[in-house]
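Below you'll find the structure, written out as structure tokens, and then a few comments.
The values are calculated or read from the model by the stated rules, or taken from the named source; none is laboratory data. Here the structure is a predicted model, which means the values were calculated and not measured. Because the Cβ atoms are built from the backbone with ideal geometry, glycine has one as well, and the counts that use them run over all protein chains shown.
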Amino acid sequence: MESIEHILENEILPKVTKPLRYVGNEHNSVKKNWEEVKLRFLFAFPDLYEVGMSHLGLRILYHLVNEKSEYLMERVFAPWTDLEAILRQENIPLFSLESWRPLTDFDCIGFTLQYEMSYTNILNMLDLGKIPLKTKERDETYPLIIAGGPCAGNPEPLAEFIDVFVIGEGEEVILEMLDVIARHHEVFGKNKEKNKLLDTLASLEGLYVPSLHQIMHKEKRIVKRVVKDLDESYFPLKPIVPYMEIVHDRIMLELFRGCTRGCRFCQAGMIYRPVRERSGDVLKEQARQLVKNTGYNEISLTSLSTSDYSGIAELTKSLLDAYEKQQIGLSLPSLRVDSFSVDLAQQVQRVRKTGLTFAPEAGTQRLRDVINKNVTEENLLEVAEAAFYAGWTHLKLYFMIGLPTETMEDIEGIAELAYRVLRRGIEINKEKKRSKQPKITVSVSSFVPKAHTPFQWQAQDSIELLMEKQQYLKKRLKDKRISYNYHEAKLSFLEAVFARGGSELSDVLLAAWKEGCKFDSWTEHFCFDKWLKAFAEAGVDPMKIANEPGDIDTVLPWEHIDYGVSKRYLWEEREKAYGMKTTSDCRYGKCWDCGVCPGLDVKLSIKNKKGGGECGNQN
Amino acid sequence: MVIRIKYGKTQEGRFLSHLDLMRTMERAFRRAGLPLAFSEGFNPHPKVSFASALAVGVTSEGEYLDVELQEEISIEEIKARLSEALPAGLVVLGIKEVRERKKSLTALINIARYNIRVPLEDSVKDEEIFEAIEQLRQASEIYVTRSGKRGTRQVDIKQGIFRIEGKIDNSNLELHADLQTGSEGNVKPAEVLAALERQGRLFSGKQPRIHRVGLFIVERGEVMTPMEC
């Protein structure tokens, strides 16, 4: 009898596309002796390897846990459909990358919730691991199923499947959680007294145990965990270097967390508050070690709105000077709309050419004020001009449609803005005697109302209206120098349903998975009809969830989840939106009393210059 | 200085595609702190050239690449540093300095030697196997289907099969084959197996194990390894 490992390696993996997705063994990956550790944790990413390995959270947690001698963490990703078919046919359970052990061998499995449309993959992975899907169907002998990440902000659609949710920044709580589980095993024995364990876990700050919450802790609010000082926090300096190409295949240097620009649609801008920067010296030392330990030829300066880092000019110059000779380039994934950003991008070109992308988000000043995107048309034209003069001929612009109060005038505004930028490009190219035509890419996504944002009460436009707006732009942007792309409206609709809906969605999710839904964010797999069937089966009206507004008295499904930003503040922001009043960034002046700093006992931390906001600052 | 590295791909590294290998090698060179020389131009890249690509799933103990360095370093030092920096699945087997490089590796190398182990169909008799191999040797032409950018086409691989021998070991066929590789043409082991299969149901359908023993240069009847020239 051949071992499963042997069959997998010799018979199955040679037949599937990209077998490297499943074999592990990468440089800096960690294989531990199972007998020498107290707990075995499996990090599960409900998408393909190349997507999951690009995720900074995985890199942090994987190495943080593996640096502890008493614990181990391994990885598993969603298998592509070709491998899934063989696993099901041969009755082989889904296995981890490091030890090729089945999911059921682990003590805990932690799923990361990065986007709503990965939920069906979670169910599919549990099923492939031969683990019953629902919490109540799993006794002590099964691994504890944990989930965290931004979508845990509205955990209820998954509450029937997940034992414990982690709210907030995982590195702050994971070791505490593992200590509790290990102690429980010592006292009660392995796989015993699951309810007692859940009860103890529920008493930890930041952990949400849905099965107990309804019965015992109804009034309890689950407050997010937050890293207070990024300089002191753990950061992996020997991250895994994949063999195969992944989506973000480079060093990720995390400059800061949080963003207080205050865009009212943006969940990240609300749930990762306050802004906490890492010092320039710490970053430079991390970069040095990461370069040495990975061999990557590119460093990405990672954060929300990278040009907002207080020491960005100095850091960029210093990294370029240090690594130019080795042809190690920088990338700035997220730039503010101003000419300073173009200067930065120009610096970066010294080593490697990059594209330029800016996000004005809305087409008119009125609507940009509504969403608090503090960017003016002059800003954008200035940026475009600076970029064209600096030699770029291709600019990418991001917009969103379906925003609150939007009219067709705002949609027309997107087209006009694009043409204005294009015309400047043509003029400048003529002036510079370049033969090359400028090119503008206009990418349009659809607004999805998200929990814990000022727009959480907002209805999403109907699918039909979103499509009408998309088609309007398609007609308007027919110029061959403009390339226009937009997101599938039906997918955005489902995102809104899962972003705003509650526990009634468990049944929908289960039905959709049974219909065969998986990899929903992959166009070739997305099947809206199956979803509609699932809603009908579960007796849930998705339009009621996505397309109907709430008001201040509406009890939201995520009322018990607390990211420190008060509901009062969110509502005030919503009111200001309708009054077209903007809110300034608290980093540079007035504190708007969102509640985060006093509520979580944490401070806004700007490392590279004096001044800036301090909480409670009323000037 | 230009150095030639002989390396192997083990069981753990056999799923790396050629592109994966190129990326992985560059990163290993960087981790090893080798002072890479870069090409000029818009986006400079390290001056590394590989011998013929190895198919995904195939192990090897005889692969080669040339890499140019900005500074002189001792061969021992390069070997030590690179061995340390390579990930599981890739091993350094030898390094030498290339003083006069007349031709690229792909232009030099023209033979790839393989050991192939194929699980046999239960009912098949040894004679049938030997007969099939003999047929292959005697054939004046052997057409296989290749798919490329412009659809599929028929290619005669007969002239590219320099040597083929087989023996039976424990319900497996052990094939030793010297096949053409390099800029003049390439014959893949899978194509040879497909040609054998056409002569009757010989193989069980289980995955064959293909191992490249080495790459060689045949010049005027003389066989050399890339380390010897």
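Some points to look at:
- Among the residues listed as A:D105, A:D82, the single one being surrounded by fewer than 21 Cβ atoms within 10 Å (Cβ to Cβ) and touching a Phe, Trp or Tyr at 6+ places or on another chain (Cβ under 9 Å): A:D105
- Inspection of segment A:302-319 identifies at least one residue that is modelled with pLDDT of 90 or more, in contact with a Cys (Cβ under 9 Å, 6 or more places away or on another chain), outside any loop (DSSP other than H, G, I, E, B) and crowded, with 20+ Cβ neighbours inside 10 Å.
- Residue check, B:E40 assigned to a loop (DSSP other than H, G, I, E, B) and either within 7 Å of chain A (Cβ to nearest Cβ) or modelled with pLDDT under 95 (or both): yes
- Selection count where residues are part of a helix (DSSP H, G or I) and more than 8 Å from chain B (Cβ to nearest Cβ), scope segment A:10-43: 6
- Residue check for A:D541: charged (D, E, K, R), free of Cβ contacts under 8 Å to residues at least 40 places away in the same chain and touching a helix residue (DSSP H, G or I) at 6+ places or on another chain (Cβ under 8 Å): yes
- For segment A:321-334, a residue qualifies if it is of a type outside the set (S, T, Y) and over 28 Å from the mean Cα position of the chain (by Cα), and the qualifying residues are A:D321, A:A322, A:E324, A:K325, A:Q326, A:Q327.
- Count of residues meeting criterion [in a loop (DSSP other than H, G, I, E, B), in contact (Cβ under 8 Å) with a residue 60 or more places away in the chain and either assigned by TED's automatic domain parsing to the domain that holds A:R21 or β-branched (V, I, T) (or both)] in segment A:225-247: 4
- Matching option when the condition is surrounded by 16 or more Cβ atoms within 10 Å (Cβ to Cβ), under 25 Å from the mean Cα position of the chain (by Cα), under 30 Å from B:V91 (Cβ atoms) and within 14 Å of chain B (Cβ to nearest Cβ), among A:M73, A:M53: A:M53
- The lone criterion from (1) at pLDDT below 95; (2) within 26 Å of A:A152 (Cβ to Cβ); (3) within 14 Å of chain B (Cβ to nearest Cβ) left unmet by A:I246 is number (1).
For (1) within 17 Å of A:S3 (Cβ to Cβ); (2) assigned by TED's automatic domain parsing to the domain that holds A:F45; (3) touching an Asp or Glu at 6+ places or on another chain (Cβ under 9 Å); (4) aliphatic (A, V, I, L, M), each residue gets a yes or a no:
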site	(1), (2), (3), (4)
A:H63	no, yes, no, no
A:K68	no, yes, no, no
A:V76	no, yes, no, yes
A:T81	no, yes, no, no
A:E98	yes, yes, yes, no
A:R101	yes, yes, yes, no
A:F106	no, yes, yes, no
A:L113	no, yes, no, yes
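- Test for B:E26: is it under 27 Å from B:K188 (Cα atoms), free of Cβ contacts under 8 Å to residues at least 24 places away in the same chain and either away from every other protein chain (no Cβ under 12 Å) or surrounded by 16 or more Cβ atoms within 10 Å (Cβ to Cβ) (or both): yes
- Answer from B:E72, B:E61 - the residue that is of a type outside the set (F, W, Y) and closer than 30 Å to B:S171 by Cβ: B:E61
- Tally of residues being facing chain A (nearest Cβ under 10 Å) and closer than 20 Å to B:P208 by Cα across segment B:43-57: 2
- Taking segment A:395-436 as the range and being crowded, with 16+ Cβ neighbours inside 10 Å, in a loop (DSSP other than H, G, I, E, B) and on the phi < 0 side of the Ramachandran plot as the test, the residues that pass are A:L403, A:P404, A:E406.
- The strands (runs of 3 or more DSSP E) falling completely within segment B:112-229 that include 3 or more residues that are hydroxyl-bearing (S, T, Y) map to B:143-148.
- Positions within segment A:331-346 being outside any loop (DSSP other than H, G, I, E, B) and among the hydroxyl-bearing types (S, T, Y), in sequence order: A:S331, A:S339, A:S341
- Of all the numbered requirements in (1) assigned to a helix (DSSP H, G or I); (2) within 26 Å of A:I167 (Cα to Cα); (3) among the small types (G, A, S); (4) at pLDDT 95 or above, A:S211 misses one, and that requirement is (4).
- Just one of the numbered conditions (1) modelled with pLDDT of 95 or more; (2) in contact with a helix residue (DSSP H, G or I) (Cβ under 9 Å, 6 or more places away or on another chain); (3) of a type in the set (V, I, T); (4) surrounded by fewer than 21 Cβ atoms within 10 Å (Cβ to Cβ) is not true of A:V65: (4).
- Single condition B:A80 does not satisfy, out of (1) within 14 Å of another protein chain (Cβ to nearest Cβ); (2) assigned to a helix (DSSP H, G or I); (3) free of Cβ contacts under 8 Å to residues at least 12 places away in the same chain: (1)
- When restricted to residues that are within 14 Å of B:V92 (Cβ to Cβ) and assigned to a strand (DSSP E or B), segment B:1-37 contains 7.
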